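Derivation of every value follows stated rules applied to the coordinates shown; laboratory data play no part. Quantities reported herein were computed from a predicted structural model and do not represent experimental measurements. Please note: Cβ atoms are built from the backbone with ideal geometry, for glycine as well, and neighbour counts cover all protein chains shown.
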Amino acid sequence: MSRLREALGKGGFTFTGEIGPPKGTNIAPVLHEAEEFLKDCVVAVNVTDIQTAVMRMSSLPVCKMLLDRGIEPVLQMVTRDRNRLALQSDLLGAAALGIENVLALTGDHIVMGDHQGAKGVWDLDSVGLLDAMTKLESGTDLGLTMKGEPNALDGVPTFFKGCVVAPCTEEVEPQIIKLEKKVAAGAQFVQTQAVYDPRAFEAFMKRIAHVKVPVLVGIVLLKNAGMAKYMNKNVPGVRVPKRIVDRLAAADKKDVRKVSVEVAGELIREMKGMCAGAHIMPLGWDKEIPRVIEASGVK
Amino acid sequence: MIVTEMKPVDEILGMIEGEKGVFILCCGGCPEGYKSGGLSKGKDLAEAVGAKGVTVTGVAEIEFLCNKALAGVKLNRSREALRGADSILVVSCGVGVQAVGNVADFPVHPAMNTVSMGGRQGLWPGEERCHQCGDCLLDRTGGLCPITTCSKSLVNGTCGGTKEEHCEVDPKRPCGWLKIYQRLAALGRAECLKALNAPRDHRKYDFPDARRSTVLWALEVAAEETEEAVEASRGTDT
């Protein structure tokens with residue numbers, strides 16, 4: 001059984017981390033960092049799926065490589081690049097490889113990435129992908145036999161199905177309605193977009209109190225004040241309060257990492273009573289993850 | 001000419017379930033010329049849904065619903081019938097349904113699927129766009145098309161990429177799903193958003209060779225096929 005499912009079921013505070021596959025075949029540095037800094041700190045590690053539409057190595061083999069190193073992966077799957085046949089096919093492949101945790105996402109728009117003329121697929125959306133997983137678990141798929149009957153699978157997968165939500169988005173009601181749909185379609189855990197405003201997160205958690213699935217708050221390490229400002233300007237659903245921007249701006253260049261880790265640790269400390277865990281997205285600063293967890297005072 | 005076809009009556013009944021009264025508005029443009037719609041088909045529809053216990057407060061035809069200014073003025077003439085209606089059932093292509101939704105402060109339901117633009121539509125001065133997907137879901141989206149307004153053509157709601165009410169990939173493009181949410185909330189029908197929409201059936205995008213063969217196909221067929229039907233439809237219009 002998925003350790004993530006088990007940990008969230010127990011009700012303690014659960015940490016997950018994240019790595020991004022390389023652009024190229026040189027997988028060693030990513031695997032090294034995962035083993036060195038994530039393995040003993042987090043319950044599971046998300047492997048991103050062509051994030052921000054910038055072409056990279058596929059998530060699935062990297063998940064398998066983590067598994068082989070005793071690290072539990074969360075397979076991220078976006079619906080931007082594959083139609084319903086390919087998505088279901090990869091899901092069966094993941095199950096055969098022993099990958100149980102799958103996070104369903106719409107995926108950033110093609111024009112955010114480095115292949116802007118590519119065709120965006122979105123044959124399914126994130127709700128449709130969760131529904132597809134639920135169907136596969138019930139022993140059938142999205143298709144039909146020649147007689148118009150559901151197809152029967154030879155061997156049935158089990159998934160621990162995740163979804164995302166942006167708690168600090170401008171208009172939160174449509175996000176909540178969609179979250180309800182994701183849960184209705186089978187989502188069993190939630191990892192959020194980056195949150196920097198504990199009060200806004202608290203208000204959001206109250207509004208989704210009726211949604212009975214564990215929520216891991218998203219923590220993105222801010223590498224400097226410029227990154228915080230960039231996110232405020234360009235990343236929908238993310239708001240970094242001025243006090244955090246100022247704190248990063250005031251830090252000496254040599255201390256920025258330390259301040260960044262402190263900020264992340266404090267955010268987790270403030271929000272740990274509101275949710276089931278934290279999903280830390282280090283964006284390359286993998287080696288800071290142990291320090292963030294230490295700073296949060298959870299362990 | 002835009003090629004349209006009536007949705008099955010059962011699907012239409014599903015859309016208007018629970019409505020106290022429904023006003024049927026027919027486009028007198030392409031659907032009339034193509035004989036897929038028009039006033040006579042609107043009256044047939046009124047009879048069919050009336051037989052299932054739905055109150056139809058009126059049936060009217062306006063030429064080229066895609067001409068929003070004209071449609072708005074002419075729709076005003078039916079205000080008595082509209083007063084008793086909860087919603088408008090629009091017998092037109094997806095552009096017409098969206099145009100009516102934009103000029104009338106009413107929930108709209110599409111009575112037709114739009115199969116193909118088949119060349120050039122009558123008039124289209126507005127921002128409404130129809131993707132000719134052949135499986136119109138405007139009923140669940142407040143009369144705003146998510147296939148054409150959402151940059152990802154999502155069917156189950158916002159992706160989270162809304163920035164200052166616009167799409168993150170284009171600051172000049174309003175977020176389609178936010179507009180849909182706002183329209184439905186204003187109409188008191190935000191619960192429509194909670195329905196799970198199935199993945200699209202892409203077969204419906206395609207249409208038979210006969211239809212694809214020529215731009216003028218619809219007109220040619222209209223000229224050859226059904227002189228009697230044309231007469232008959234004129235007879236029932238008066």
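Kirkwood Rh over alpha-carbon pairs of the protein assembly as shown, then Stokes-Einstein at 37 °C and 0.692 mPa s: what D in µm² s⁻¹, rounded to an integer?
My calculation gives 129 µm²/s for D.
From the Cα gyration tensor of segment A:1-90, with a ≥ b ≥ c the square roots of its eigenvalues, which class applies: rounded if a/c is under 1.5, or else prolate if a/b is larger than b/c, or else oblate?
Oblate shape, in that a/c is at least 1.5 and b/c is the bigger or equal ratio.
Sorted from largest down, give the three principal axis spans of the alpha carbons of chain A, whole angstrom values.
68, 44, 43
Say each of B:Ala51 and A:Lys206 gets a label point 7 Å from the Cα, pointing the same way as Cα to Cβ; how far apart are those two points in nm?
For B:Ala51 paired with A:Lys206, the spin-label model returns 5.5 nm.
Please report the antiparallel percentage of the DSSP beta bridges confined to the protein assembly as shown, to the nearest 5.
If we restrict to bridges inside the protein assembly as shown, about 15 percent are antiparallel.
Out of all DSSP beta bridges with both ends in segment A:3-296, state the antiparallel percent to the nearest 5.
Approximately 5 percent, going by the DSSP bridge assignments.
Given a Förster distance of 30 Å, report the FRET efficiency between B:Asp201 and A:Lys229 from their Cβ-Cβ distance, rounded to the nearest 0.05.
Efficiency, from the Cβ-Cβ distance: 0.10.
Spin-label point model (7 Å from Cα, Cβ direction): what's the A:Lys147 to A:Lys258 distance in nm?
About 7.2 nm separates the two model spin labels.
Applying 1/(1 + (r/R0)^6) with R0 = 25 Å to the Cβ-Cβ distance of B:Asp105 and B:Glu80, what FRET efficiency is obtained, to the nearest 0.05?
0.95
Would any residue of segment A:9-28 have its amide N under 16 Å from a label point 7 Å out along Cα→Cβ of A:Thr158? List them or say none.
A:9-10
Fully extended, how many nm does the chain gain between A:Met55 and A:Arg199 (0.36 nm per residue separation, minus their Cα-Cα distance)?
48.2 nm is the gain from fully extending A:Met55 to A:Arg199.
Using a Förster radius of 60 Å, what is the FRET efficiency between A:Arg69 and B:Val9 based on their Cβ-Cβ separation? Nearest 0.05, please.
For R0 = 60 Å, the calculated efficiency reads 0.50.
What value does segment A:136-217 have for Rg/Rh, both radii from Cα atoms and Rh as Kirkwood defines it?
Reported Rg/Rh, Kirkwood definition of Rh: 1.15.
Where both partners of a DSSP beta bridge lie in segment B:3-223, what percent of those bridges are antiparallel, to the nearest 5?
For segment B:3-223, the DSSP antiparallel bridge percentage is about 35.
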